[in-house]
Amino acid sequence: MNADGGERREIGAVLDNRQGVPRWAPDGSAVYFTVQERGSNHLVRLPISGGKPEYVVKDTGGVGAWSVGRDGTIAYGFASPHDMAQLYLKTGSAAPRKLTDLNAELFAGKQMAEVESFTFISNDNKFEVEAFLTKPLAMTATSKHPLIVNIHGGPHGQNGPVFNFKNQVYAAHGWATLQVNYRGSTGYGQKFADAVFGDQDGNEGQDVLYGVSAAVRRYLWLDRERMGIEGVSYGGQLTDWLITQTNEFKAAIPIAGIANLVSYNYMTYYNQYEEMEFGQFLHQGNLMDVAWERSALKHVAAAHTPTMLMHGENDNDVPIAEAEQFFIALKDVGTEAIFVRYPREGHGLSEVKHNIDSTDRCIAWYEKHFPKAGAEGVTNVQP
C-alpha cells in the first residue's frame, strides 16, 4: 500500500503456503521472503506489481537467515539434507557459492543417512499426506531395522529432508526415523494447515499411525516389533495421545508435551492458543468436555507403553505440570514410566550437555525395551 494507506492490495496470495517476513528489494520493485513447501524452505522474490514469484533459492533443504545487497547479491544460510546450515552467496543467475564448511572436521569420514519421501492417503480419504524416512546406515540385503517415529511440533510446522542431527544419530545406530507431515502441517496449503482446527488429538494422530502403516508396507526391512515414538511440544502431545490409542510401540518418549488440554489452557502464558485452535473459549458451549475428551490424561488407563517423559523445569509454553500429571497417571495405571527433568531449560533444550544427555537417554530407553537379537522376528544385531 502507499505511505498514506491508499491502494492497499494483497500480493502474497499467489503462494498458498506459510511465508516468512518480507523485505524490500533494493530498488523497491519487489519483496523477498521465504516460503515453506513440502518440507523445504525456499527463498522467493515477488514483484509488488503482482504476477508470478521468482524462486531465488529452490534447492531441497531450508533457507535460514538471508540478506539482499544493493546490487541484488544474496547472502543466505542454507541447511541441506547432508549438512547443517552453511553460508552461501548468490549473484544474479550464477550458481551459488558456498562460503563456509563449518562441519568439515566433524563430518570427516562419516556417512550421512539418506532421507526419502513418500505419500499415502489419509484415513478419511481427504488428503494425500507426505512423510520423510531417514534410512539407517549399515543396511544389508537381509537386515531388519527398528523404526523411531519422530513427530514435529506446532501443530503448524513441518518436517522435511533438511539435516536432522538426532535422526542422523539414530541412523548411525542402525535405526530408521519416520517423520509425518500430518494435517495441520505447513507447506501443503491453507486448507491442509486448517484441517486440524477443532480436531486436536484426532485425525492428525491417525495421519501419523497411517504413515507408520504405509512405511512398514513399503519398506519391508522395517521391524514392526521394534518401533518407538517420540516428539517435542505438539509432537510430545501426540506421543502422549497415541500411546493411549495403540500398543504397537515398544517405547515412548514425549518431550514437553500437553497431556491435559483443560489444565494447560489455564496454566500456559498464552492461553489464547486453544481459543485460536478451537474457535472459542473452553468455557463456551461444550468445549470444556471436548477438550477433556481429547486429552491423553483422560484415556491413560489404556496406555501400556513404557514411557520416558522429558521436560524443562522453566517451560512457560507447556508448563512442566503437564508431564507431572501424565507421569503420576501412568504410575497409577502400573505402566512403566520415568521422568527426566532438566533444570534451567524452557520449551526445548538449549544447553549442550542436556542435549547430549537427552539423546543418550533416548537411545538407552529404546534399547531397553526393543526385543533383543535372537528373539522371534529379530534377525540382526544392532550396530
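The values are calculated or read from the model by the stated rules, or taken from the named source; none is laboratory data. Quick caveat, the model's predicted, so the values are computed rather than measured. Note: ideal-geometry Cβ built from the backbone for every residue, glycine included; neighbour counts use all protein chains shown.
So the values come out like this:
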{"item": "Complete set of residues in the stretch 149-200 that are in a strand (DSSP E or B), within 17 Å of G235 (Cα to Cα) and in contact with a Lys or Arg (Cβ under 9 Å, 6 or more places away or on another chain)", "result": "N150, T177, N181"}
{"item": "Residue selected from the stretch 49-63 under the condition of a type outside the set (S, T, Y) and touching a strand residue (DSSP E or B) at 6+ places or on another chain (Cβ under 6 Å), by the criterion surrounded by the most Cβ atoms within 10 Å (Cβ to Cβ)", "result": "V63"}
{"item": "Qualifying positions in the stretch 114-148 - among the acidic types (D, E), under 22 Å from P81 (Cα atoms) and in a loop (DSSP other than H, G, I, E, B)", "result": "E114"}
{"item": "Subset tally (residues that are in contact with a Lys or Arg (Cβ under 9 Å, 6 or more places away or on another chain) and in contact (Cβ under 8 Å) with a residue 60 or more places away in the chain) for the stretch 112-147", "result": "13"}
{"item": "Residue list for the stretch 77-100, restricted to those being part of a loop (DSSP other than H, G, I, E, B) and at pLDDT below 95", "result": "P81, H82, T91, G92, S93, A94, A95, P96"}
{"item": "Test result for A215, within 15 Å of F249 (Cβ to Cβ), modelled with pLDDT of 95 or more and surrounded by fewer than 24 Cβ atoms within 10 Å (Cβ to Cβ)", "result": "yes"}
{"item": "Residue in the stretch 33-43 that is surrounded by 18 or more Cβ atoms within 10 Å (Cβ to Cβ), among the acidic types (D, E) and either under 23 Å from A79 (Cα atoms) or in contact with a strand residue (DSSP E or B) (Cβ under 9 Å, 6 or more places away or on another chain) (or both) present", "result": "yes"}
{"item": "Out of Q179, Q200, Q190, Q168, sole residue that is in contact with a His (Cβ under 7 Å, 6 or more places away or on another chain) and touching a residue at least 40 places away in the same chain (Cβ under 8 Å)", "result": "Q179"}
{"item": "Unmet criterion (only one of (1) touching a helix residue (DSSP H, G or I) at 6+ places or on another chain (Cβ under 7 Å); (2) at pLDDT 95 or above; (3) farther than 22 Å from F118 by Cβ) for V232", "result": "(1)"}
{"item": "Residues (of a type in the set (A, V, I, L, M) and either touching a Ser or Thr at 6+ places or on another chain (Cβ under 6 Å) or within 25 Å of S80 (Cα to Cα) (or both)) located in the stretch 164-210", "result": "V169, A171, A172, A176, L178, V180, A193, V208"}
{"item": "Residue that is within 28 Å of R344 (Cβ to Cβ), surrounded by fewer than 24 Cβ atoms within 10 Å (Cβ to Cβ) and of a type in the set (V, I, T), where the choices are I320, I253, I258", "result": "I320"}
{"item": "Hits in the stretch 328-352 - residues which are part of a helix (DSSP H, G or I) and surrounded by fewer than 19 Cβ atoms within 10 Å (Cβ to Cβ)", "result": "I328, K331, D332, V333, V352"}
{"item": "Residue identified as assigned to a helix (DSSP H, G or I) and either within 19 Å of V340 (Cα to Cα) or at pLDDT below 95 (or both) among L297, L309", "result": "L297"}
{"item": "Residues within the stretch 233-256 that are within 18 Å of G154 (Cβ to Cβ) and in a loop (DSSP other than H, G, I, E, B), tallied", "result": "2"}
{"item": "Leading residue by the ranking (surrounded by the fewest Cβ atoms within 10 Å (Cβ to Cβ)) among those in the stretch 1-32 that are outside any loop (DSSP other than H, G, I, E, B) and not hydroxyl-bearing (S, T, Y)", "result": "A13"}
{"item": "Members of the stretch 106-126 found to be within 18 Å of T60 (Cβ to Cβ) and among the small types (G, A, S), listed by number", "result": "A113, S117"}
{"item": "Test: residue in the stretch 284-294 that is within 13 Å of W241 (Cβ to Cβ) and loosely packed, with under 15 Cβ neighbours inside 10 Å", "result": "yes"}
